[in-house]
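The values are calculated or read from the model by the stated rules, or taken from the named source; none is laboratory data. Treat the numbers as computed from the prediction; the structure is a model and nothing was measured. Heads up, the Cβs are rebuilt from the backbone with ideal geometry, glycines too, and the neighbour counts pull from every protein chain shown.
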Amino acid sequence: MKNEENLAYFLNEAKTIKPRELGKKLRVAFLASSTINGFEETMRVKCFQKGIDCVTYVADYNQYNQEILNQDSGLYQFKPDITFLILDTRHILGEHFFSWHIVPHEEKPKFVETKIGEIKKLCNTFEENSKSKLVITSLQIPSYSSYGISEQREMRGLKEMVSEINNELFDNCGRLYTNHQIFIYDFNEFISRFGEKNIFNYKQFFSGDIKISIEYIPKFVNELMGYVYAISGITKKCIVVDLDNTLWGGVIGEDGFDNIKVGDNPIGHSFVEFQKRLLALNQRGIILAINSKNNFDDAIEVIQKHPNMILREDDFACVKINWDDKVLNLQKISQELNIGLDSMVFFDDDPINQEYVRESLPEVLVVDLPKDSSQYAQIITEMKEFDILKITEEDTKRGAMYLGQKKRKELEGKVTDFNEFLKQMNIVVNVEKANSFSIPRISQLTLKTNQFNLTTKRYQEEEVSKFSSSDNKIVECVQVSDKFGDNGITGTYIIEKKNDEEWIIDTFLLSCRIMGRGVEEIMMNQIIEKARLSKIKRVKGKFIPTTKNKPAENFYEQLGFEKENEFWVFNTDNIMNKPEHIKVKKNE
Amino acid sequence: MSEKLYQIISKVFNVDSSKISDDTSPENLEQWDSFNFYVLLDEIENEFNIKFNLDETLDIKKIGDFKILLEKNGVKI
């Protein structure tokens, strides 16, 4: 284990970190039924390393019931963004953990029901009293049953009973579509990865009720980081890969088409598995790109024609195979895809390239890829940086959307007049009031959109949901399609109806893939037309500058808004320019 | 070896090794709390590749006791 990964390191680092002014803020609460010393320290350090200033609240030992059930508790006063409730099987089962076999059959269902009822009550009370996300760890399925090998012959043996409680948690708390607040972390995933004998140390348990051993605390906290990244909206969007010895074994320029290793032998198998993992992430919405020093023709031939390749040309949204500088290529990929460098992960087997990119572009997450390719698949599956709370339809379509984007670029290159290009695109914009299908996506857009975002306000699903049902707010989104395909829901705005005369633009954003084609102008026109219909005189909004939203800086001015103090104001008696190449459909 | 032990202690308790002696104990070292002590035990076990018995760990009252215990387990201090 590397020194910087052990708990002693995190405990000491936690003492030295100080909040920064510009960092993202996050309030995290921990509740548990056992000792969780070291958890909050590790999380604060891990957050700090990712640019998040994390403040924590740790409930007293085994006080989780009181903290959740009492409305005036320290937990609710703390106002967390994320709350982790770490439950454990021994505590929940009590004596039954040891002697479930002596419980009469007819009493078993009642016990399960009671335990589920207790957890549900905690969930409901929590939802009533807090806006925080609540992540509950599921119960560890015991590796030992008091029934011995006859466990499997019993109705409701010990393990089956614990699974039953877990399934109820997954179904009723984790999976409910209407529930945007509660998530279940599958603790058995952690146990099966690292093993109970490692995670549970009897000596530490007897000494201090430590149920996750000291050595494994940092690994457990790392599991929870997936939720932190997702809720803070710092999930990675794009994976950039090198080719030689990263996607296949060997060097195409030296070994040639027939001798590089993909499939067919042990080394080749490791690369195939790595490619399958990349493809799975791509299907989930992570964009892939290539950054490789090679003769283009040699390398692209492998991608197009090698029988064992998993990833093909169309899986990559951007391909840079040339002899240019790798940093320059990364910058170009970032520009062409309109994805910030800080949303990129770089895989390259060469330690010199890794170091060079790390030094030159510190925003890019450079994976510490070892020499041994058999480790690649494991490394990528253990990364938490790609986690999102809920995979939306847009995510699963994203690969195809970027492919459309690549083809749009090709057309743009061919047509010399930009207006002519726009006309040929046949853009259609669907304007729609937020509904239960679009709300998760709208929240995701507010969390992830950085460039064309006038106010950069981040909203969780339940907030968007509340706004959309409020009489004082308008929440609408736009779905954009053109002759190359559907771009999905890519823009949204939230309007606050201040009074009978004035509306305020609370949020206005458009995914950077779409900006610059007139869709943003169409969206603003929608707002103004709607305001006119409601006899509203003035629509106004702020531009809140961030380090990233410069592309939206002059937007109000271009559309004829006038500056009044901190606001940009549009008088609805005036006419707003409206792009004519876009067809608008309304579904309000 | 003694030096290695002191290095671990200084790292876990985050104090200069010059401030550590055989008589260092929870009474005279503020950083030595019950949880830190388990972290220290874990680090020492890993570093010297040994496992203490539970009763052995309960007898540790000061740093000097670690040395006695390590020697008992065949580690030359």
Among the residues of region A:69-76, is there at least one that is farther than 21 Å from A:VAL221 by Cβ, assigned to a helix (DSSP H, G or I) and in contact with a strand residue (DSSP E or B) (Cβ under 8 Å, 6 or more places away or on another chain)?
yes
Does region A:16-31 contain any residue that is at pLDDT below 90 and buried (at least 17 other Cβ atoms within 10 Å of the Cβ)?
no
Does region B:60-73 contain any residue that is within 14 Å of chain A (Cβ to nearest Cβ), outside any helix (DSSP H, G or I) and closer than 29 Å to A:PHE39 by Cβ?
yes
Cβ-Cβ under 6 Å pairs, at least 6 apart or on other chains, region A:476-498 side modelled with pLDDT under 95, far side buried (at least 23 other Cβ atoms within 10 Å of the Cβ) and of a type in the set (Gly, Ala, Ser)
A:ILE489/A:SER438; A:THR490/A:SER511
Filter region A:53-65 for residues that are surrounded by fewer than 21 Cβ atoms within 10 Å (Cβ to Cβ) and not hydroxyl-bearing (Ser, Thr, Tyr); the one that is nearest to the chain's Cα centre (by Cα) is A:ASP53
In this structure, does A:GLU412 turn out to be surrounded by fewer than 17 Cβ atoms within 10 Å (Cβ to Cβ), more than 22 Å from A:ASP315 (Cα to Cα) and either assigned by TED's automatic domain parsing to the domain that holds A:CYS47 or without any contact (Cβ under 8 Å) to a residue 24 or more places away in the chain (or both)?
no
Spot the failing condition for A:ARG193; the list is (1) part of a helix (DSSP H, G or I); (2) within 14 Å of chain B (Cβ to nearest Cβ), and only one is missed.
(2)
Could you please give the count of residues in region A:523-564 that are among the aromatic types (Phe, Trp, Tyr) and within 29 Å of the chain's Cα centre (by Cα)?
2
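A quick yes/no check of all residues on (1) crowded, with 20+ Cβ neighbours inside 10 Å; (2) free of Cβ contacts under 8 Å to residues at least 60 places away in the same chain:
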residue	(1), (2)
A:GLY74	no, yes
A:ILE82	yes, no
A:THR114	no, yes
A:ILE136	yes, yes
A:TYR144	no, yes
A:GLY148	no, yes
A:GLN152	no, yes
When you look at A:VAL228, is it crowded, with 21+ Cβ neighbours inside 10 Å, assigned to a helix (DSSP H, G or I) and of a type in the set (A, V, I, L, M), yes or no?
yes
Matching residues in region B:1-28 (crowded, with 18+ Cβ neighbours inside 10 Å and assigned to a loop (DSSP other than H, G, I, E, B)) number 1
Give the residues of region A:366-397 that are at pLDDT below 85 and either under 23 Å from A:LYS326 (Cα atoms) or basic (Lys, Arg) (or both), sorted by residue number.
A:LYS390, A:LYS397
How about region B:18-59: which of its residues are of a type in the set (S, T, N, Q) and within 14 Å of another protein chain (Cβ to nearest Cβ)?
B:GLN31, B:SER34, B:ASN36, B:ASN46, B:ASN49, B:ASN53, B:THR57
Sort through A:ILE217, A:ILE286, A:ILE231 and tell me the only one that's within 14 Å of chain B (Cβ to nearest Cβ), within 26 Å of A:PHE170 (Cβ to Cβ) and not acidic (Asp, Glu).
A:ILE217
Would you check which residues across region A:501-546 are more than 30 Å from A:LYS407 (Cα to Cα) and among the aromatic types (Phe, Trp, Tyr) and list them?
A:TRP503, A:PHE543
